[in-house]
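Q: Got a structure here, written out as structure tokens. Questions coming.
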Amino acid sequence: MSDIAERVKKIVIDHLGVDADKVVEGASFIDDLGADSLDTVELVMAFEEEFGVEIPDDAADSILTVGDAVKFIEKAQA
Amino acid sequence: MFDLTGRKALVTGATGGLGEEIARLLHKQGAIVGLHGTRVEKLEALAADLGGDRVKIFPANLSDRDEVKALGEKAEAELEGVDILVNNAGITKDGLFVRMSDADWDSVLEVNLTAVFRLTRELTHPMMRRRHGRIINISSVVGVTGNPGQANYCASKAGLIGFSKSLAQEIATRNVTVNCVAPGFIESAMTGKLNDKQKDAILGAIPMKRMGAGADIAAAVLYLASNEAGYVTGQTIHVNGGMAMI
């Protein structure tokens, strides 16, 4: 796993209080990890803070899984 | 009951009559109180009067959007987490609507509503993270009933109620409550200037035949700030001697 993926995973575990082994690339924040809509906004804010990137609302709407978040941040930082 | 020991509260407009009563009562109940106002000397005097213990001052001009943001950041940092936010600061620029200037409309909406939005936005996210918070907005009976000569003020105070209800629904699951207190006519420097005829007219509309005291409002704020009010959100408590029963 890349460094970015590890950091994303850590944020998700801390914020949602879920088991580390559940936080896999294909895990959906809402369907698999029990996040509500407010959690997803908070996660996006946490990603922005951690990685110093800006995630516009329309991009945030397309970040549904852990893998989506990692891909977006990798692209934004490239 | 209503013990606030260890809680951190920020009260805006704390040097006004109502704000001071609120700040004093929250302090008396054990809270660490952040006093916001525009005049440093008045803030320092109130802080000294409270004994200088469990009190910090935060001067800021709420008409300046950058200062509002900075106020939120500073209060959150220096109080090490604001648990209770009391948006009390407000101004009036009265005048009949047909003669109301853009400037008088804008300045009242800016301080009474936009500053509340910006300050609350700064402090809400940390409250959500801590899974605890109390946001209490001081509205007014005229925000619900209207009042001739106060279209700007009434719009701002009605706006606070809608704002509070929306925010209350968004963050209820995070244990952050958002409520309003709507005072009626309260004894103050402003109402003290009214002549007897004006006073009689006002009292005629109040079933209790007297104006309220700042302490009456502070008590409602204390209730909403307390642990005991944890299941109360999105509400407006009217404290008006029966003047409007809504």
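The values are calculated or read from the model by the stated rules, or taken from the named source; none is laboratory data. Keep in mind that what you see is a predicted model, and the values were worked out from it rather than measured. Neighbour counts run over all protein chains shown; Cβ positions are idealised from the backbone, glycine included.
Q: State yes or no: is residue A:65 surrounded by 14 or more Cβ atoms within 10 Å (Cβ to Cβ), under 10 Å from the mean Cα position of the chain (by Cα), modelled with pLDDT under 95 and not basic (Lys, Arg)? Lay out the reasoning, then the answer.
A: Values: surrounded by 14 or more Cβ atoms within 10 Å (Cβ to Cβ): yes; under 10 Å from the mean Cα position of the chain (by Cα): yes; modelled with pLDDT under 95: no; not basic (Lys, Arg): yes.
It is false that residue A:65 is surrounded by 14 or more Cβ atoms within 10 Å (Cβ to Cβ), under 10 Å from the mean Cα position of the chain (by Cα), modelled with pLDDT under 95 and not basic (Lys, Arg).
Q: I've got another one for you. Considering only region A:3-40, state which residues are within 14 Å of chain B (Cβ to nearest Cβ), of a type in the set (Asp, Glu) and in a helix (DSSP H, G or I).
A: Passing the criteria: A:14, A:39.
Q: Also, quick follow-up: Determine whether region B:161-174 contains at least one residue that is exposed (fewer than 15 other Cβ atoms within 10 Å of the Cβ) and of a type in the set (Asp, Glu).
A: The answer is no; no qualifying residue exists.
Q: Filter region B:175-216 down to the residues that are among the β-branched types (Val, Ile, Thr), at pLDDT 95 or above and within 30 Å of residue B:127 (Cβ to Cβ) and list them by number.
A: Pass one, region B:175-216, residues among the β-branched types (Val, Ile, Thr): B:176-178, B:181, B:186, B:191, B:202, B:206.
From what's left, at pLDDT 95 or above: B:176-178, B:181, B:206.
Correct list: B:176, B:177, B:178, B:181.
Q: Would you mention how many residues in region B:91-144 are within 14 Å of another protein chain (Cβ to nearest Cβ) and among the hydrophobic types (A, V, I, L, M, F, W, C)?
A: Matching residues across region B:91-144 total 2.
Q: Does region B:73-89 contain at least one residue that is of a type in the set (D, E, K, R) and on the phi > 0 side of the Ramachandran plot?
A: yes
Q: Of the residues B:137, B:88, which single one is crowded, with 16+ Cβ neighbours inside 10 Å, touching a Phe, Trp or Tyr at 6+ places or on another chain (Cβ under 8 Å) and at pLDDT 95 or above?
A: B:137 is the lone residue from the list that is crowded, with 16+ Cβ neighbours inside 10 Å, touching a Phe, Trp or Tyr at 6+ places or on another chain (Cβ under 8 Å) and at pLDDT 95 or above.
Q: Restrict the check to region B:52-62 and report whether at least one residue is in a loop (DSSP other than H, G, I, E, B) and modelled with pLDDT under 95.
A: Taking region B:52-62 as the starting set, the residues that turn out to be in a loop (DSSP other than H, G, I, E, B) are B:52-54, B:60-62.
Still in the running and modelled with pLDDT under 95: B:52-53.
Checked region B:52-62: at least one residue is in a loop (DSSP other than H, G, I, E, B) and modelled with pLDDT under 95.
Q: Confirm whether residue B:168 is within 14 Å of another protein chain (Cβ to nearest Cβ) and at pLDDT 95 or above. If you could, list the steps in order and put the result at the bottom.
A: Values: within 14 Å of another protein chain (Cβ to nearest Cβ): yes; at pLDDT 95 or above: yes.
So residue B:168 passes the test.
Residue-wise test of (1) hydrophobic (A, V, I, L, M, F, W, C); (2) surrounded by fewer than 23 Cβ atoms within 10 Å (Cβ to Cβ); (3) under 29 Å from residue B:241 (Cα atoms).
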{"position": "B:121", "(1), (2), (3)": "no, yes, no"}
{"position": "B:124", "(1), (2), (3)": "no, yes, no"}
{"position": "B:128", "(1), (2), (3)": "yes, yes, no"}
{"position": "B:132", "(1), (2), (3)": "no, yes, no"}
{"position": "B:145", "(1), (2), (3)": "no, yes, yes"}
{"position": "B:150", "(1), (2), (3)": "no, yes, yes"}
{"position": "B:154", "(1), (2), (3)": "yes, yes, yes"}
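Every residue, every condition in (1) surrounded by fewer than 23 Cβ atoms within 10 Å (Cβ to Cβ); (2) free of Cβ contacts under 8 Å to residues at least 40 places away in the same chain; (3) farther than 30 Å from residue B:131 by Cβ, yes or no:
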{"residue": "B:6", "(1), (2), (3)": "yes, yes, no"}
{"residue": "B:10", "(1), (2), (3)": "no, no, no"}
{"residue": "B:17", "(1), (2), (3)": "yes, no, yes"}
{"residue": "B:24", "(1), (2), (3)": "yes, no, no"}
{"residue": "B:29", "(1), (2), (3)": "yes, no, no"}
{"residue": "B:35", "(1), (2), (3)": "no, yes, no"}
{"residue": "B:41", "(1), (2), (3)": "yes, yes, yes"}
{"residue": "B:59", "(1), (2), (3)": "yes, yes, yes"}
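Q: All but one of (1) crowded, with 17+ Cβ neighbours inside 10 Å; (2) touching a strand residue (DSSP E or B) at 6+ places or on another chain (Cβ under 9 Å); (3) closer than 16 Å to residue B:139 by Cα hold for residue B:229; state the number of the condition that does not hold.
A: Condition not satisfied by residue B:229: (3).
Q: Here's a check for you: in region B:76-105, which residue that is of a type in the set (Asp, Glu) and either assigned to a loop (DSSP other than H, G, I, E, B) or touching a Ser or Thr at 6+ places or on another chain (Cβ under 9 Å) (or both) is nearest to residue B:180 (Cα to Cα)?
A: We begin by selecting, within region B:76-105, every residue of a type in the set (Asp, Glu); these are B:76, B:78, B:80, B:83, B:94, B:102, B:104.
Now drop any that are not either assigned to a loop (DSSP other than H, G, I, E, B) or touching a Ser or Thr at 6+ places or on another chain (Cβ under 9 Å) (or both), which leaves B:80, B:83, B:94.
Details: B:80: 25, B:83: 16, B:94: 22 Å.
The residue in question is B:83.
Q: Please state which one of B:75, B:14 is closer than 28 Å to residue B:227 by Cβ, at pLDDT 95 or above and in contact with a His (Cβ under 7 Å, 6 or more places away or on another chain). Can you show your working first?
A: Working: B:75 fails: in contact with a His (Cβ under 7 Å, 6 or more places away or on another chain).
None of the others qualify; the one that does is B:14.
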